[in-house]
Amino acid sequence: MDYIHNSIQRIRQTAKAAPLALLPFFILALLLFTSCIDEDERPDTPTGNFEALWHIIDEHYCFFDYKQQAYGLDWTDVYAKYRVRISDSMTELQLFEVLTDMLAELRDGHVNLSASYDYGRYWTWKEAYPTNYSDSLERVYLGTDYKIAAGMKYRILDDNIGYIRYESFTSGIGEGNLDDVLSYLILCRGLIIDIRNNGGGDLTYAERLAARFVGERTLVGYIQHKTGKGHNDFSAMEPQYLEPSSNIRWHKPVCLLTNRGVFSAANEFTSMMRALPNVILVGDHTGGGAGLPFSSSLPSGWSVRFSACPMYDAQRQQTEFGIEPDYNVQLDEADIARNRDTIIETARQLLAR
C-alpha cells in the first residue's frame, strides 16, 4: 500500500461524494495538499469578505471539537467578537489585519491568509518557544568536509555515530540518494537524524525516508476526511501503514532530533518514526501541524488555507499541537559556550549504550 498515493485517492473520492467540489493537489508545506472550494457568492466588500471567510472555516475546518476541548475555542463566539470590528468603510489593510486576527483564534500554523502584499500567519507554535537549534553549532558538527546527497547533509562523527541533517522536506531525496547515504554509514553503531527547524514540505520524501527504518508493514497513524459542512461530519478513521523499503534498510538504533520548528510533514515524519521500536526521539516538543491543508478564495481574490483532514498517530491521538520527545532536552548555555550541542550530545550518549 502506498501511503501517500492512497491518501490522495481517498481525498479525491471524498471530494466527488461531497456537495462541494474539492480538487486536491500537492503544495509545499506539511502535508501540503490544497483544493479549490466553491462557496456561495458574496460581494467584494469588507462585510462580504468577512462572511465568506467565517463560513469557509465554519464548514470545512477540521479541528473545532479538539480545540474546543484543548482551550475552549467557540467559533460562534469568534464571529461575534470580530463582526463588530468590520465596517464597509474600513481600508483593505485594516480588513486584512482583522481577518488575520480572527484566523489566529484557531492557533493553527496551517491557517494562512494570502494577499499580494502580505501573508497572514500564526507562527506562535514556534516563535513563543526557545529554538533549541544553532546553525553555528551545526557547522561545528558538520565541519567543512561533510557530504551532500540531494536534501541531506551527512557525515560520520568521531565516535562512529552517523549524522544526517535534513533541513526541509521541500528538498527532494531519491531512492538512490538514500542507498548511497546508508551504504556510507553502514558500519556506524548508531544514527542521528536531525530534523530540527524542518518546517515540512512534501510528505512523499518523509515517507520515503521513514521506510528505510521499518522491517515490516507497520501501522503509523490514521486519517479522516470531511463528509459534510457540520463540525463533526467526518469519515471513519482510516489506518495508514508504512511499507518497508525494498532497498537498503537501517536496523540499528536511531535518534531523531526535534524542536518546535518541526512542523507539518516533518511532524508527520516524527509521528511515523515514533511508531518504530528502534527509534528514540530527543530534543524539544515538535510544533505540530497534523491537518492536511486545503485552500479557497475570498471575493477580494485573497486566498485562505486551512486544515481540512485530521491525521492521528498510531494510538489514534491528535498531533496537531505537536509530539513530545522521549527525552526532552534543551540547549544548555554552558554547552553552547563550549561549542557543544546539548541535544546532539544526549543522542550520542544514548546511542553509545
At a probe radius of 1.4 Å, what is the per-residue accessible area of Thr319, in Å² to the nearest 10?
0 Å²
Can you bin the range 223-288 into rounded, prolate or oblate? Criterion: square roots of the alpha carbon gyration tensor eigenvalues sorted a ≥ b ≥ c, rounded for a/c under 1.5, prolate for a/b above b/c, oblate for the rest.
oblate
For the range 161-248, build the convex hull from the C-alpha positions and give me its volume per residue in Å³.
128 Å³
What do you reckon, how do Glu345, Glu243, Glu41 stack up by accessible area (1.4 Å probe), largest on top?
Glu41, Glu243, Glu345
What list of ³J(HN,Hα) values in whole Hz, one per residue of the range 324-332 in order, does the Karplus curve 6.51 cos²θ - 1.76 cosθ + 1.60 (θ = phi - 60°) give from phi, with Gly and Pro shown as x?
7, x, 5, 10, 7, 10, 10, 5, 9
Would you list, by chain and number, the lysines whose Cα falls below 30 Å from the Cα of Lys147, excluding same-chain residues fewer than 8 positions away?
Lys126, Lys252
Go ahead and estimate [θ] at 222 nm for the chain from helices alone: -39,500 (n - 2.57) per DSSP H run with n ≥ 4, summed, over the residue count, rounded to 500.
-9500 deg cm²/dmol
Taking the Cα centroid of the range 209-269 and of the range 311-350, what is the distance between the two, rounded to the nearest whole Å?
19 Å
Total charge of the residues flanking Pro293 in space, meaning their Cβ is under 10 Å from its Cβ, with Lys and Arg +1 and Asp and Glu -1, is 0
Accessible-area value, Val140, 1.4 Å probe, nucleic acids and ligands omitted, Å²
70 Å²
Determine one quarter of the surface area of the Cα convex hull of the range 46-175, which equals its mean projected area, and express it in nm² to one decimal.
12.5 nm²
With the Cα gyration tensor of the chain in hand, give its eigenvalues times 5 under a square root as the equivalent ellipsoid semi-axes, listed largest first in whole angstrom.
39, 23, 17
When only the heavy atoms of the protein chains count and the probe is 1.4 Å, how do Glu268, Glu127 rank by accessible area, highest first?
Glu127, Glu268
Under the 0.36 nm per residue contour assumption, what length would be gained going from the current alpha-carbon distance of Ala80 and Glu345 to full extension?
90.3 nm
Between Asp326 and Arg353, with labels modelled 7 Å along Cα→Cβ, what's the label distance in nm to one decimal, could you check?
0.7 nm
Could you put His285, His251 in order of accessible surface area, largest first, with the 1.4 Å probe and the full protein assembly present?
His251, His285
Measure of compaction for the range 208-336 (Cα Rg per 2.2 N^0.38 Å):
1.23
How large, in percent, is the carbon and sulfur part of the accessible surface of the chain at a probe radius of 1.4 Å?
48 percent
Answer rounded, prolate or oblate for the range 70-133, using the Cα gyration tensor with square roots of eigenvalues a ≥ b ≥ c: rounded when a/c is under 1.5, else prolate when a/b is larger than b/c, else oblate.
oblate
Report Tyr133's accessible area, 1.4 Å probe, all protein chains in place, as a number in Å² to the nearest 10.
40 Å²
Let me know the volume per residue of the alpha-carbon convex hull for the range 294-353, in Å³.
168 Å³
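The values are calculated or read from the model by the stated rules, or taken from the named source; none is laboratory data. A quick note: this is a predicted structure, and the numbers were derived from the prediction, not measured. Positions of Cβ are generated from backbone atoms using ideal geometry, with glycine treated the same way; all protein chains shown enter the neighbour counts. All accessible areas refer to the heavy atoms of the entire protein, side chains included, with ligands and DNA or RNA removed. Shrake-Rupley method; radii C 1.70, N 1.55, O 1.52, S 1.80 Å.
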